[in-house]
């Protein structure tokens, strides 16, 4: 299978401790080559396997790690809630899989 070299980019919000502010953060930094290698090796051969690969990778990289967490609250509320990068990815996982499939021209159904 010929795999299109693609620049994958999907931004989420992340707290940057050195800048002391929320920044846009690309979750695919350095991941396109790993995905391409797994496809070439035959480890990823359909969309459901791609979804599981990405889910496992994102959970490992971003779930409940303090450097990936920040607190969010309403403007006047006393209540706040912890948000991590995985929580931003999870509801969009199917869209992310479709995005990777299309951008890398994998042609998985």
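Quick notes on this one:
- Selection count where residues are assigned to a loop (DSSP other than H, G, I, E, B) and either over 21 Å from residue 93 (Cβ atoms) or in contact with a strand residue (DSSP E or B) (Cβ under 8 Å, 6 or more places away or on another chain) (or both), scope segment 9-41: 8
- Residue within segment 62-84 that is in contact with a helix residue (DSSP H, G or I) (Cβ under 6 Å, 6 or more places away or on another chain), closer than 18 Å to residue 21 by Cα and not in a helix (DSSP H, G or I) present: yes
- Tally of residues being more than 14 Å from the chain's Cα centre (by Cα) and over 20 Å from residue 7 (Cβ atoms) across segment 66-109: 18
- Residue pairs meeting the criteria (Cβ under 6 Å; at least 6 apart or on separate chains; first at pLDDT below 85, in segment 61-83; second surrounded by 11 or more Cβ atoms within 10 Å (Cβ to Cβ) and not in a strand (DSSP E or B)): 68/62; 68/85
The values are calculated or read from the model by the stated rules, or taken from the named source; none is laboratory data. The model shown is predicted, which means the values in this text are computed figures rather than measured ones. All Cβ positions, glycine included, derive from the backbone under ideal geometry; neighbour counts span all protein chains shown.
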